[in-house]
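Read through the structure below, which is laid out as structure tokens, and then see the notes.
The values are calculated or read from the model by the stated rules, or taken from the named source; none is laboratory data. Keep in mind that this is a model prediction, so the values were computed, not measured. Counting neighbours? That spans all protein chains shown, and the Cβs are built from the backbone with ideal geometry, glycine included. Calculation scope for accessible area: heavy atoms of the full protein, side chains included, ligands and nucleic acids excluded. Shrake-Rupley method; radii C 1.70, N 1.55, O 1.52, S 1.80 Å.
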Amino acid sequence: MKHEKPLPATGALAAATAMKQAKPDVVAAYPITPQTPIIEAFSKFVANGDVNTELILVESEHSAMSACVGASATGARVMTATAANGLALMSEIVFIAASLRLPIVMNIASRALSGPINIHCDHSDVMLVRDSGWIQVFVENPQEVYDYNLIALKIAENMKIPAMVIQDGFITSHCLEPVRFLPQQVVDNFLGVYNPGNHSLLNPITFGPLDLYDYYFEHKRQQLQALEDSKQVIKQVLKEYNNLAGTNYNIFETYKLEDAELGVVVAGSTAGTLKHVVNVLRDKGVKAGLLKLGFFRPFFQEELKQALKHLKAIAILDRSASFGAFGSAFYNEIKSALYDLPGEKPKVLGYIYGLGGRDFLIQHGFEIFNELQKIATGAEPVFRVRCIGVREG
Amino acid sequence: MNIKQLAEKIGNNSWFAPGHRLCAGCNAGIIAKFVLNFAQFKGYKVITVLATGCLEVATTIFPYTSWKTAYMHNAFENAAATASGIGAALKSLKKKGLLKEDYKIVVFGGDGGTYDIGLQSLSGALERKHEFVYICYDNEAYMNTGIQRSSATPMLASTTTTPSGKVSKGKQQPRKDLIAIAAAHDVYAAQTSVSHLQDFWKKLEKAFNDQPAVLNVLSPCTRGWYFPPDQGIKIAKLAVETNYWPLYEVDHGRWILNYEPKQRKPIIEWLKTQGRFKHLLQPTQENEKLIAQLQEMVDKRFEYIKKLARATSE
């Protein structure tokens with residue numbers, strides 16, 4: 001199916017447009033920077049009658065997710081958006097939404113968590129809920145924001161697992177780029193109407209019972225399995241969407257990685273900066289490559305292992321801090337996935353960057369590849385994990 | 001309507017099934033059953049929403065449930081927000097022609113889930129005018145977690161977090177006025193008691209016809225108030241007869257006192273029925289003073305409601 005001609009859109013507008021085209025029954029949301037333009041744009045769609053959604057403008061993010069849970073449990077298609085402290089405030093209910101198997105799709109304009117208060121991008125907000133049972137997918141630019149909203153909704157409703165689409169606050173949410181939108185009819189056909197089956201309050205069922213030591217563990221076991229099972233569905237839906245939209249999406253993106261010796265792993269908008277760095281290095285004859293994380297939950301350990309195993313040295317970049325831990329989330333999990341590789345494994349360095357919206361510069365990319373080069377050629381690493389782009393001492 | 005006629009209306013076959021694990025003598029179960037039987041009598045289709053609390057944990061221990069209606073428990077502090085979402089979903093499904101029937105949403109929360117942790121969620125939902133009937137079963141403390149004080153706990157009551165001791169005589173502050181807060185949202189809000197079922201029935205009639213609405217129902221707790229399990233209704237009745245628990249309603253700003261005892265009983269008679277006030281009963285000078293203070297508060301509060309009723313009458 002051909003795209004309509006590209007239109008200028010920010011990540012926020014791309015999210016709101018995807019939401020409009022998905023025709024959710026209910027959106028419950030509360031404003032927080034930098035998510036606000038998403039719900040402002042969506043509110044305008046509602047006010048103009050472009051979408052017939054019941055929009056609940058709640059008094060807190062906690063109530064936003066609570067209302068989403070109630071609506072989704074009634075068999076409705078439900079979407080929302082938040083960021084940072086808002087996500088932290090609603091986090092209790094984020095876990096409940098997943099455990100009740102409610103396929104809510106939430107846009108995140110990722111932003112640093114307080115304190116100190118900061119309104120700019122990092123991934124500490126979404127890392128807070130990485131173990132909540134939601135599907136988490138990171139996107140790079142407004143086009144991906146749009147596409148992955150539709151993809152995530154289809155996966156979520158198919159698996160009855162909620163999903164968050166994570167764009168970088170301000171960097172993507174407020175960045176104007178050309179975006180190709182699909183015709184409404186194509187979106188309608190792709191998404192269909194949400195059918196909750198019996199999983200709805202329109203049946204006399206008890207949602208959210210007290211579940212003690214005699215059953216809770218079995219239910220959690222089922223939830224673990226559901227996330228594992230979602231991997232197949234994710235691949236199927238990506239394939240379906242690619243055929244439909246002419247995109248070439250995968251569970252993660254590899255860029256000049258196949259014959260690379262040095263690789264970086266990164267999520268979100270910084271992938272764009274690092275692709276440029278890879279290009280410059282390739283021109284100089286350095287075998288540099290990149291892996292851009294898409295889905296972080298579920299975690300595609302086998303596929304990541306296969307994609308990275310041939311590298312001599314890998315830098316894993318985290319835009320979040322895991323205080324007191326040995327590196328942050330991406331570093332920990334990807335490095336641990338590589339542990340099973342037979343023989344000589346790639347050497348791995350961890351970098352923490354961009355906290356609180358600190359720019360990740362091209363020079364930081366060169367610095368990283370330079371350090372990778374050293375350890376690839378036999379030098380002992382002088383660190384395993386370090387911060388980059390920060391004033392030390 | 002006399003009590004016999006009411007009993008016929010209520011019937012025996014309830015959407016609230018027996019076999020739950022509420023304590024013997026618990027009044028929350030009576031309240032839940034009464035509300036559902038009302039809805040049943042009216043022929044409503046009901047979705048029930050519960051805040052975390054005694055009623056929730058004791059009636060839905062997996063794989064059992066006491067609820068023959070659709071039932072939703074989300075968390076402690078968000079029953080009203082959850083109801084907002086359910087109501088919005090019903091509206092949307094109806095607009096799309098995916099749903100034919102009309103549903104009524106009934107929310108149950110204890111005083112902890114209503115006066116305290118759920119107050120913001122309730123206020124938001126009332127302000128947005130989502131349609132639901134909110135029933136607070138008020139047992140005046142966090143009974144589910146073991147009798148800790150809430151903002152509904154009366155002054156001088158001993159709880160596990162405001163125990164009477166050598167230097168303290170229980171909770172130091174008077175209780176919060178939930179109905180005035182609810183009424184400030186320009187809705188129907190009323191106070192009733194599990195002991196006064198005709199009054200309760202009438203208020204349910206009004207509430208279901210004028211949503212959102214909030215009912216605050218006194219629900220004596222045998223474990224938390226320390227009284228024998230067969231005394232709950234009597235104690236609730238005495239709360240009304242002493243004017244401790246006035247039966248009144250606020251109908252969009254119009255205050256109406258529903259019942260005034262011919263001769264109000266002294267508060268000491270009510271205090272004597274419950275172990276949580278035992279420390280006030282030794283005849284010391286200090287205790288006499290404290291009880292007099294309580295009496296004055298009760299009388300003042302009752303006069304205040306009467307004044308508001310006169311001032312807002314048509």
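What trypsin sites (Lys or Arg not before Pro) does the range B:260-314 have in DSSP loop regions with at most 10 other beta carbons within 10 Å? Those that pass, being in a loop and sparsely packed, are B:K262. Contact order, relative form, for chain A: 16 percent (alpha carbon pairs under 8 Å, 6 or more residues apart, mean separation divided by residue count). The separation of the range B:243-314 from the range B:1-26, counted between C-alpha centres, amounts to 29 Å. Each other residue within a Cβ distance under 13 Å of B:A89 adds +1 if Lys or Arg and -1 if Asp or Glu, for a net charge of +2. Axis of helix B:232-241 versus longest Cα principal axis of chain B: the two differ by about 70°, to the nearest ten degrees.
This model, with +1 at the C-beta of Lys and Arg and -1 at the C-beta of Asp and Glu, gives chain B a dipole about its Cα centre of some 300 debye. Roughly speaking, what is the centre-to-centre gap between the range A:315-393 and the range A:110-182 when only Cα atoms are used, to the nearest Å? Spelled out, the Cα-based centre of one part sits 23 Å from the other. The simple Förster model, with R0 at 25 Å and r as the Cβ-Cβ distance, assigns A:N195 and B:D102 a FRET efficiency of 0.65.
In debye, nearest 20, what is the charge dipole magnitude of the range A:7-245 about its Cα centre with +1 on Lys and Arg Cβ and -1 on Asp and Glu Cβ, if you could check? Result for the range A:7-245 is approximately 380 debye, rounded to the nearest 20.
For A:A28, the residues whose modelled amide H falls within less than 5 Å of its own, excluding neighbours fewer than 5 places apart on the same chain, are A:I56, A:M79.
Each residue of the range A:110-120 was assigned a 3J(HN,Hα) from its phi angle through the Karplus curve 6.51 cos²θ - 1.76 cosθ + 1.60 (θ = phi - 60°); the sequence is 5, 8, 4, 7, 6, x, x, 4, 7, 9, 9 Hz, with glycine and proline shown as x. By the combined test of axial Cα extent (at least 15 Å) and Kyte-Doolittle hydropathy (mean at least 0.0), the qualifying DSSP H helices of chain A come to A:11-22, A:36-47, A:61-73, A:84-99, A:270-283.
Taking amide hydrogens as placed 1.01 Å from N in the peptide plane, the amide H of A:S320 sits under 5 Å from those of A:H123, A:Y353, each at least 5 positions away in sequence or on another chain. Ordering A:R101, A:R111 by accessible surface, largest first, gives A:R101, A:R111; the 1.4 Å probe counts only protein heavy atoms, with every chain in place. Segment A:Q363..A:Q232, full-extension length gain: 43.3 nm, with 0.36 nm per residue of separation and the alpha-carbon distance subtracted.
Summing charges over neighbours of A:V78, with a neighbour being any other residue whose Cβ is under 11 Å away from its Cβ, gives -2 when K and R count +1 and D and E count -1.
Relative to the longest principal axis of the Cα atoms of chain B, helix B:79-95 runs at roughly 20 degrees. Distance between the pseudo-spin-label points of A:H219 and B:A17 (7 Å out from Cα toward the beta carbon): 1.7 nm. Counting charges near A:I375 (Lys, Arg +1; Asp, Glu -1) among other residues having Cβ under 10 Å from its Cβ returns a value of +1. Here is how the number arises for chain B: DSSP H runs of 4 or more residues each give -39500 (n - 2.57), the sum is divided by the residue count, and the result at 222 nm is -11500 deg cm²/dmol. Could you work out the helix-only [θ] at 222 nm for chain A, with each DSSP H run of four or more residues adding -39,500 (n - 2.57) and the total divided by the number of residues, to the nearest 500 deg cm²/dmol? The helix-only estimate for chain A comes to -13000 deg cm²/dmol at 222 nm. Listed by chain and number, the lysines placed with their C-alpha closer than 24 angstrom to that of B:K166 are B:K272, B:K278, B:K289; residues fewer than eight positions away on the same chain are left out. Bridges between two residues of the protein assembly as shown, per DSSP, are antiparallel at a rate of about 20%. About the centre of its Cα atoms, the range A:300-387 shows a dipole size close to 140 debye [charges on the beta carbon of Lys, Arg (+1) and Asp, Glu (-1) only; nearest 20 debye]. Using a cutoff of 8 angstrom between alpha carbon atoms and counting only pairs six or more residues apart, the relative contact order for chain B works out to 15 percent. Sorting B:R149, B:R128, A:R319 by solvent-accessible area of protein heavy atoms yields B:R149, B:R128, A:R319, largest first, with a 1.4 Å probe.
Under 5 Å from the amide H of B:W255 lie the amide H atoms of B:T312, each residue being 5 or more positions distant or on a separate chain, with H modelled from the backbone and absent for Pro and chain starts.
Once C-alpha pairs closer than 8 Å and six or more residues apart are averaged by separation and normalised to the residue number of the range A:252-388, the relative contact order reads 27 percent. Assuming R0 = 51 Å, can you tell me the calculated FRET efficiency for the pair B:Q148 and A:A47, based on Cβ-Cβ distance, to the nearest 0.05? In this case the efficiency is close to 0.65.
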